[in-house]
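The values are calculated or read from the model by the stated rules, or taken from the named source; none is laboratory data. This structure is a prediction, so every number in the text was calculated from the model and none was measured. Note that we place each Cβ from the backbone using ideal geometry, even for glycine, and neighbour counts take in every protein chain shown.
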Amino acid sequence: MQNILILPGDGIGPEVTKQAVKILDHFGGYNLDYADIGGIGYDNHGTPYPDETDAKAKAADAILLGAVGGPKWDNIDFSLKPERGLLAIRKNLGLFANLRPALVFDELAAASTLKHEVVSGLDILIVRELTGGIYFGGPRGIDDLPDGQRKGYNTLVYITSEVKRIAKVALELAQKRNGKLCSVDKANVLEATILWREEVEHEAKNYSDVELSHMYVDNAAMQLVRNPKQFDVMVTTNMFGDILSDCAAMLTGSLGMLPSASLGSADAQGKQPALYEPVHGSAPDIAGQDKANPLATILSLAMLFRYSFNDANKADAIENAVKTVLAKGYRTADIMSDNCTLIGCEEMGNKVVSQL
């Protein structure tokens with residue numbers, strides 16, 4: 001029996017993961033376990049990533065996470081903030097490849113702030129390097145200077161092996177899609193991304209069926225808003241991917257609709273660590289009010305079946321159920337439009353299960 005670890009987390013995390021668990025219960029045949037991460041981890045264990053959570057995560061076949069963070073923990077030490085739990089689980093499990101699809105459902109094209117013809121039919125996959133770059137590089141810190149000023153600094157660093165492995169993931173995904181890969185960097189300014197570009201080009205020589213292009217990150221941000229359908233798969237650094245994937249998310253109309261997968265390298269037995277989570281945050285302003293959109297979490301579960309369990313049938317079934325519920329006009333507040341029926345988080349989950 002396959003083991004799935006549920007990490008509800010903070011804010012709306014417990015509400016949205018509950019809806020995904022309903023689907024797992026509907027399918028049956030999976031061993032579910034739970035653990036704390038983020039703010040709730042700090043509250044219950046004094047750390048955002050407890051040892052117990054780490055042990056369960058390493059033993060699981062796949063992990064489904066809700067969200068972390070909130071103003072409740074704004075004033076605690078930086079090293080104990082909820083978001084440090086996310087960085088810790090990514091680092092400890094070696095989750096170096098973050099897959100963020102930006103897919104516009106036909107029923108939600110009008111929800112985007114961009115023109116219908118710009119986003120209709122949009123289907124982009126952003127592959128973000130997740131365990132290197134400026135978020136993890138050193139030295140880093142805040143120092144006091146002799147003249148009374150302070151200096152904050154971080155280090156952007158990549159080595160060949162880090163770039164090659166993320167490029168390989170992106171190239172293989174491009175092979176399975178439309179054969180186009182755009183690598184995003186800032187090679188006109190940053191030496192670290194000169195290396196990035198050179199190593200991506202070197203790895204791409206092994207994939208003659210993939211058309212590789214390059215784009216500076218500032219232009220890529222502009223192009224995502226101007227003509228997003230020019231892209232198929234995009235691959236980029238940790239920080240650039242963090243920014244661009246949120247930009248791409250809003251092309252779809254709501255962060256509440258977008259799933260993600262974070263994958264590591266398979267071990268000698270073929271077991272690959274993997275964590276799945278919605279792109280949205282913890283939304284503490286609506287937590288506990290049954291207003292959250294659970295569809296990003298439900299679609300993250302579909303990615304779990306597709307990538308970790310190689311079960312395309314269940315993944316397709318979940319995605320089709322979501323499309324059908326949307327086609328019937330059911331909406332949570334974040335994607336509400338004219339002539340649709342407003343429902344809450346719990347009911348949206350029930351509608352998807354009912355459709356399944």
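Observations on the structure shown:
- Condition check for Pro71: more than 30 Å from Cys340 (Cα to Cα), over 20 Å from the mean Cα position of the chain (by Cα), crowded, with 18+ Cβ neighbours inside 10 Å and not assigned by TED's automatic domain parsing to the domain that holds Gln230: no
- Checking each residue in the stretch 153-187 for being in a strand (DSSP E or B) and surrounded by 14 or more Cβ atoms within 10 Å (Cβ to Cβ) picks out Lys180, Leu181, Cys182, Ser183, Val184, Asp185.
- Scanning the stretch 37-60 turns up no residue that is surrounded by 19 or more Cβ atoms within 10 Å (Cβ to Cβ) and part of a strand (DSSP E or B).
- Near pairs, Cβ below 8 angstrom, 6+ apart or cross-chain, from the stretch 229-252 (over 25 Å from Ala192 (Cα atoms)) to any residue that is of a type in the set (S, T, N, Q) and part of a loop (DSSP other than H, G, I, E, B): Met250/Ser112; Met250/Thr113; Leu251/Ser112; Thr252/Ser112
- Considering the stretch 6-52, the residues that are free of Cβ contacts under 8 Å to residues at least 60 places away in the same chain and of a type in the set (D, E, K, R) include one that is farthest from Arg90 (Cα to Cα), namely Asp25.
- Residue count for the stretch 256-275, restricted to those that are out of contact with any Pro (no Cβ under 8 Å at 6 or more places or on another chain) and either not in a loop (DSSP other than H, G, I, E, B) or not polar (S, T, N, Q) (or both): 11.
Yes or no, residue by residue, for (1) loosely packed, with under 14 Cβ neighbours inside 10 Å; (2) closer than 19 Å to Ile124 by Cβ; (3) charged (D, E, K, R); (4) modelled with pLDDT under 95:
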{"residue": "Val189", "(1), (2), (3), (4)": "yes, no, no, no"}
{"residue": "Ile194", "(1), (2), (3), (4)": "no, no, no, no"}
{"residue": "Ser208", "(1), (2), (3), (4)": "yes, no, no, no"}
{"residue": "Ser213", "(1), (2), (3), (4)": "yes, yes, no, no"}
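- The stretch 277-296: number of residues that are under 13 Å from the mean Cα position of the chain (by Cα), closer than 23 Å to Ala327 by Cβ and in a loop (DSSP other than H, G, I, E, B): 2
- Filter result for the condition that a residue is hydrophobic (A, V, I, L, M, F, W, C), modelled with pLDDT of 90 or more, outside the structural domain of Asn154 (by TED's automatic domain parsing) and buried (at least 24 other Cβ atoms within 10 Å of the Cβ), over Ala315, Ala292, Ala327, Ala283: Ala292
- The residue that is nearest to Ile23 (Cα to Cα), counting only those in the stretch 331-346 that are within 24 Å of the chain's Cα centre (by Cα) and free of Cβ contacts under 8 Å to residues at least 40 places away in the same chain, is Arg331.
- Scanning the stretch 297-330 for residues that are of a type in the set (Ser, Thr, Tyr), under 25 Å from Thr341 (Cβ atoms) and either in contact (Cβ under 8 Å) with a residue 40 or more places away in the chain or not in a helix (DSSP H, G or I) (or both) turns up Thr297, Ser300, Tyr330.
- Residue in the stretch 262-270 that is surrounded by 24 or more Cβ atoms within 10 Å (Cβ to Cβ) and not acidic (Asp, Glu) present: yes
- Counted residues, the stretch 230-250 - those being surrounded by fewer than 21 Cβ atoms within 10 Å (Cβ to Cβ) and in contact with a strand residue (DSSP E or B) (Cβ under 8 Å, 6 or more places away or on another chain): 2
- For the stretch 85-109, a tally of residues being more than 20 Å from Pro48 (Cβ to Cβ) and either within 15 Å of the chain's Cα centre (by Cα) or of a type in the set (Lys, Arg) (or both) returns 7.
- If you go through the stretch 181-198 and keep only what is within 24 Å of the chain's Cα centre (by Cα) and of a type outside the set (A, V, I, L, M), you end up with Cys182, Ser183, Asp185, Lys186, Thr193, Trp196, Arg197.
- One residue stands out in the stretch 93-112 among those that are assigned to a helix (DSSP H, G or I) and hydrophobic (A, V, I, L, M, F, W, C): the one that is surrounded by the fewest Cβ atoms within 10 Å (Cβ to Cβ), namely Ala110.
- Candidates Arg140, Arg128, Arg90, Arg150 - the one that is among the charged types (D, E, K, R), at pLDDT 95 or above and surrounded by 13 or more Cβ atoms within 10 Å (Cβ to Cβ): Arg128
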